[in-house]
Amino acid sequence: MADLKPASSQMISANDLWTGQVVFLTRAASWTTDPARAALSESAEDSEALLGLAAQSNARAEVELVHLIAASLRDDGTPWPSRNREDIRALGPTVRRDLGYQAEVRPTL
Amino acid sequence: MYRYDDYDQTLVNQRIADFRDAVARRLSGHLSEEEFKLIRQMNGVYLQLHAYMLRVAIPYGSLDSRQMHKLAHIARIYDKGYGHFTTRQNIQYNWPSLREMPDLLQELAAVQMHAIQTSGNLIRNVTADQYAGATAEEVDDPRPYAELIRQWSTLHPEFSFLPRKFKIAVTASATDRTAVKFHDIGLILHDDPEQGRGFEVIVGGGMGRTPFVGPSLRDHLPEAQILTYLEAVLRTYNELGRRDNAYKARIKILVHELGAEAFRTLVEDEFAKLLPQADDLPQAELLRIRERFIVPELDALPARDPGFDAAYEKDEDFRQWVKVNSAPHKVAGYIIANISLKPYGGIPGDISADQMDLVADLAERYGHDEIRATHAQNLVLPHVKLRDLYDIWQALSVAGLGTANLDRASDIIACPGLDYCVLANARSIPIAQEISKRFAAKGREDLVGELKIKISGCINACGHHHAGHIGILGVDRKGEEMYQLTLGGSGDEQASIGQITGRGFDEAGIVDAVDTVVETYLGHREDHETFLETYRRLGPAPFKEALYGTA
Amino acid sequence: MERLDLRKLTGAHLKPYRSIDDEAPLPDEGGVLVSLARLKRDRAALAARKSPYGLLVNGDEKAAHLAPHLEDLAVIAINFGKFSDGRGFSLAHRLREDHGFSGEIRATGALIADHAEFLLRSGVSSVELADPIITAQFIKRLKLYSVWYQDAHDARPTALELRHGRTRKRLAS
Ligand code: SF4
C-alpha cells in the first residue's frame, strides 16, 4: 500500500485502537465507521488539515494506522472510497460479507 | 502432547501480565504506535484491514480436544464464530478487539496455549511433521526436539530483535510434509549408522520476494549439539543480517550474499567456540520433555477389520475418502485420517466453532485425544482405529468436513489476501473458491490426481505459491487485481521453485488459465505421471503455448 | 537522564558519565565516555585523568575491535539506535562471554521497558533512560518474570537448572 500524497477528494481512515474497527474522520474531527458520513477533502490543504486532526487523535492513543484514501461522491451525494482495497475495508471481507461488523453497521449493503 | 510444568505455565501467565501492561502503556500514550506494534506482534497480535487479528501458536501443530474446544469457545465469544488455520500450523482469529485481548490470552493459557512469537522479527512458532508419532516412516517423533527448541527460543534474551522473522521446521521422515527446505532453518532427523542420531541442517531457505531452496549447512549434527548450533547460526544472523531493507533482511539473503560456504565458516567458527563450554543439560532436558509427552497407548489390533472392510466395500463415497484422505499408521489396525478444511467452493483453512467442537469430540472419543494442524491448512486425527473410521467419516461428512480431496486440485492453500490482510495486493480466497468449484465435478479431480495449487495475495508468499505445482501470485496493477501464474514448484523433499509462465491474468482469466494448464497436463501425461512429473519431463513450453499461443 | 542498575533496581550508586565528542576537549573532572577512535588517539590523556572513563559504541560495533582496550575501561556504553535493532544484545553477550569483560555495560538510546529482561540477561548491567516513568516501567517489568529458559548472563537459575537441580557450566566457569 503506497501512501498517498494529500490531494483533493480524499478521506482519512484509520483503525480504532481499542476495537481495531475501520473508521473514517468526520468534519467534526470525530471518527465514524460509515464512510458516507466522512469528510471528503476539497483540496490538498484540506486533506493536510484533516490529517493533522487525525494525527492528534493518534497521539491521544485513539486510533492506529492513520492514512489518506482516495474517495468520490456517489449518486446519492455521499462520499465513498474509490479504491478496491478501501472498499473492502469499508464493507468487510468480500467472501464473508455476512460476518464483519460492517454488516451490522450497514446491513443493506 | 507435551504437558506444561509449573515453569512453562508461570512463564505464559507472566507474559500475559506483561502484555496487559503494554496495552495499558499504549493507551496512556507511553508507548508510541510504532513501539506498541512491535510488542503486540511479539504477542501474536496484528492489526489487519478490518480489525485486530490474533494468531495463536499451535506448537508443531499438536493439540488435544480440550484445547480444540477452547479454540471453539474463543471463536464464539471473542470472534465471529470461526477461525482460520494458517500455513504454519497456527490458527488465527480475524475479529477480536484489543480491549479483550489479554482476557482471551488468559483463556488460552488455561489450556496451555499462547500466542507468543507468532509474529514479529524473532524465532516463530516451530513447526513439525503432522504425522509425527504416527507414521512408520519416521526415525523418531520429532516433536520433543521441536519442544526443546520452542522453549529455548521463547523470550530469548539475545534473539528477540532479529533483522526479520525466523522460522524453524523439524521433520524426521523421508517424505517431507513440512516444506523443510523453505525454512530459515530446517532440521531433518536421522540415525546415521556410524555417527549416531543427528540432524541434517538446512539454512537459508525461504519464499517471499526472493525464494530459495535452502542449502545444507551440515550433513550431520549430533543431536546433543542442536541448541549450541542454533545459537551459532542465530548470533551470526543477528549480527550480520541486513537491517537496511526489510525485503533483504531474511537469513536467506545473508546466506546468498555471503555464499553458503562463507556463511558456514562463520557459523562453524562460532560453534567451535561455543562447543567446549556447551552444557549437556539439553540432553537431560530432552529426556524430561519426552517423559512429559503423552504418548497414546495404542491397542494390539488385527491388521484388518471386518466392519471397515464391509463399509469400504459398500459405500463408494467412504471408499473414495479413505483412498484420498488417509495414510498408513505405524501400528496395525490404526490409520491416520486427514480432515479437509477445503470443502468445494469453501474458504481454505476456515473452520466454524461447531466444527472445531466436533473435531475435538471425535479426537476424544476415537482418536486418543490427539489432533494435528497441517501447513496445508487441514487437520489430522493421527491415531484412529480402522474399525472406527466409518463412524468418524460419517460424523465429519454431516458437518461438512468429509471432503475427499487431500493433495488434490481443490486442496488449495490460500493466504487470507486482500479480504483480510493489510499487506495484500489482491484477493486469494475467491480465486481458490472458483478453482475449487471448477474442479468439484466428480471424477475430474480424481482423474488429475495429486496437484498442489497455492495462492498468495502478495509477494510475501504466505500462501507458498513458489512451492505450488501451480502457484498463483496476486499483484496490483494500477488498482486492479491481477494474478501471475507459476508452474513446477514443490515443497517436498525434492523442493523446487515454480517458474513464472508469462504475463498475468485477471480474476476470471486466472481460473481459466489453471484449467488450461491442467488440460495440457492431461493431454501430455504418460502412464500414471503426476502433474509435477509431467511438468518436469516436458518443461514449461507446452504449457506456455497452451496459455499464450505460439508467439 | 535516569540511571538504573538492572539487578539492584536502583540507580543511586551509578556514576554519571558525560559523552565527549571526538573534537571536544576532555573535562578536568568527572567520568567520560568517548568513541573508540578517541580512545585510541587520547589514551594517555584519558589515563592521566583521575576520573574513570569508558567507551560509547553503537550496537553494531564488533566486540573484537574493543577487545584490546577492555582492561582500562570502567564502562562500555552500548547505544541502541532503534528499539527494534537487536545487535546490541549480541555485542553485550560477546563482551561478557568471548572477552570476559566484567565491568559495567550500560545500554543507552532507544530503549523501552520491553527490552529490560533481555538486556539484563544478555549481559547489560545498567541502562540510561529518558524519564522516571520509563524507569518505573523497567522496574515493574524486571520484577514481573521469574522463569527463564535460556542460559544467560545473570545469576538467577533457569527453568532447566531448577528442573534438573543443576547449575550450568557457563556460569560456574
Ligand atoms: S502473502 Fe501477502 S497477502 Fe497473503 S497473507 Fe501473506 S502478507 Fe498477506
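Overview of results
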quantity	calculated
Whether chain B is rounded, prolate or oblate, judged on the alpha carbon gyration tensor where a/c under 1.5 counts as rounded	rounded
Threshold 40 Å², segment C:102-147 residues less accessible with all protein chains present than alone (1.4 Å probe)	C:I112, C:D114, C:F118, C:Q137, C:L144, C:Y145, C:V147
Value of Rg to Rh for the protein assembly as shown (Rh from inverse mean 1/r over Cα pairs, i.e. Kirkwood)	0.98
Estimated inter-spin distance, C:D22 and B:T210, nm [label 7 Å along Cα→Cβ]	3.1
Neighbouring partner chain Cβ atoms per residue of B:45-54, average, 10 Å criterion	6
Efficiency of FRET from Cβ geometry, B:A303 and C:K140, R₀ 56 Å, rounded to 0.05	0.40
Residue-span extension gain [B:E526 to B:Q394] - 0.36 nm each, minus C-alpha spacing	43.9 nm
Per-residue mean of C-beta atoms belonging to partner chains within 10 Å, peptide A:88-101	6
Dipole magnitude of chain B about its Cα centre (Cβ charges: Lys, Arg +1; Asp, Glu -1), debye to nearest 20	1540
Of all accessible heavy-atom area on segment B:6-109, the percent that carbon and sulfur account for (1.4 Å)	47
Pair B:E313, B:Q195: separation of 7 Å Cα→Cβ label points (nm)	5.2
For segment B:105-174, convex hull of alpha carbons as volume per residue, Å³	103
Cut-off under 5 Å, modelled amide H: who pairs with B:Y2 long-range	B:I294
Backbone HN-Hα couplings from phi across segment B:213-228 [Karplus 6.51/-1.76/1.60, Hz, Gly and Pro as x]	7, x, x, 7, 8, 9, 6, 9, 10, x, 4, 5, 9, 4, 5, 5
Gap separating the Cα centres of segment B:130-157 and segment B:350-418, nearest whole Å	22
Theoretical FRET efficiency, 1/(1+(r/R0)^6), r = Cβ-Cβ of A:E48 and B:A224, R0 56 Å, to 0.05	0.35
Per residue accessible area in Å² of segment C:1-139, where ligands, DNA and RNA are left out and the probe is 1.4 Å	43
Partnerless cysteines, meaning none of the other Cys C-beta atoms lie under 4.7 Å away, in the protein assembly as shown	B:C421, B:C458
Extension gain from B:K437 to B:R365, taking 0.36 nm per residue of separation minus the Cα-Cα distance	22.6 nm
For chain B: accessible area per residue (Å², 1.4 Å)	34
Positive-pole candidate from B:I510, B:P157, B:V111, dipole of chain B, charges at beta carbon	B:I510
Ordering of B:309-317, C:124-132 by burial proxy (mean other Cβ atoms within 10 Å per residue, highest first)	C:124-132, B:309-317
At R0 = 25 Å, FRET efficiency that the Cβ-Cβ distance of C:D131 and A:Q56 yields, to 0.05	0.70
Protection proxy ranking, peptides B:199-210, B:398-409, average beta carbon neighbours within 10 Å, highest first	B:199-210, B:398-409
Within straight-line cross-link reach of C:K15, lysines at Cα separation under 30 Å, skipping those fewer than 8 residues along the same chain	C:K40, C:K50, C:K62, C:K82, C:K140, C:K143
Filtered GluC sites (Glu not before Pro), segment C:1-45: DSSP coil and at most 11 other beta carbons within 10 Å	C:E23, C:E29
Rough spin-label spacing in nm, given labels placed 7 Å along Cα→Cβ, for C:E71 and B:A174	6.1
Mean Cβ neighbour count within 10 Å, used as a protection proxy, ranking B:228-234, B:50-56, B:6-12 highest first	B:50-56, B:228-234, B:6-12
Whether segment B:431-508 is rounded, prolate or oblate, judged on the alpha carbon gyration tensor where a/c under 1.5 counts as rounded	oblate
Segment C:106-134 residues near the modelled B:K273 label - backbone nitrogen below 17 Å, point 7 Å along Cα→Cβ	C:122-124
Options B:P382, C:F89, B:I371, ranked by Cα towards positive dipole end of the protein assembly as shown, top entry (Cβ charges)	C:F89
Residues of segment B:281-296 with amide N under 12 Å of the 7 Å Cα→Cβ point at B:T10	none
Charged-residue dipole, Cβ positions (Lys, Arg, Asp, Glu), segment C:2-146 about Cα centre, Debye nearest 20	340
Neighbouring partner chain Cβ atoms per residue of B:97-103, average, 10 Å criterion	3
Net charge dipole size for the protein assembly as shown [Lys, Arg +1 and Asp, Glu -1 on Cβ; Debye, nearest 20]	1580
Rounded Å value of the spacing that divides the Cα centres of segment C:87-161 and segment B:201-238	27
Of all DSSP beta bridges in the protein assembly as shown, antiparallel share, percent nearest 5	70
C-alpha center-to-center spacing [segment B:78-122, segment B:284-305] in angstrom	29
Carbon/sulfur fraction of accessible area - chain A, other protein chains in place, 1.4 Å, %	52
Degrees between helix A:44-59 axis and first principal axis of chain A (Cα, 0 to 90, nearest 10)	70
Between helix C:132-144 and chain C: long-axis angle, C-alpha atoms, 0 to 90°, nearest 10	30
Dipole of segment B:172-259 [Lys/Arg +1, Asp/Glu -1 at C-beta], most positive-end residue of B:L258, B:T228, B:L217	B:L258
Given B:K167/B:K323; B:K37/B:K165; B:K167/B:K248; B:K323/B:K544, the pairs whose alpha carbons are separated by over 21 Å	B:K167/B:K323; B:K323/B:K544
Chain A: mean projected area of Cα convex hull, nm²	6.7
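The values are calculated or read from the model by the stated rules, or taken from the named source; none is laboratory data. Bear in mind the structure is a predicted one, so any value in this text is a computation, not a measurement. Backbone-built Cβ (ideal geometry, glycine too); neighbour counts: all protein chains shown. These area figures cover heavy atoms from the full protein model, side chains too; ligands, DNA and RNA do not enter into them. Shrake-Rupley method; radii C 1.70, N 1.55, O 1.52, S 1.80 Å.
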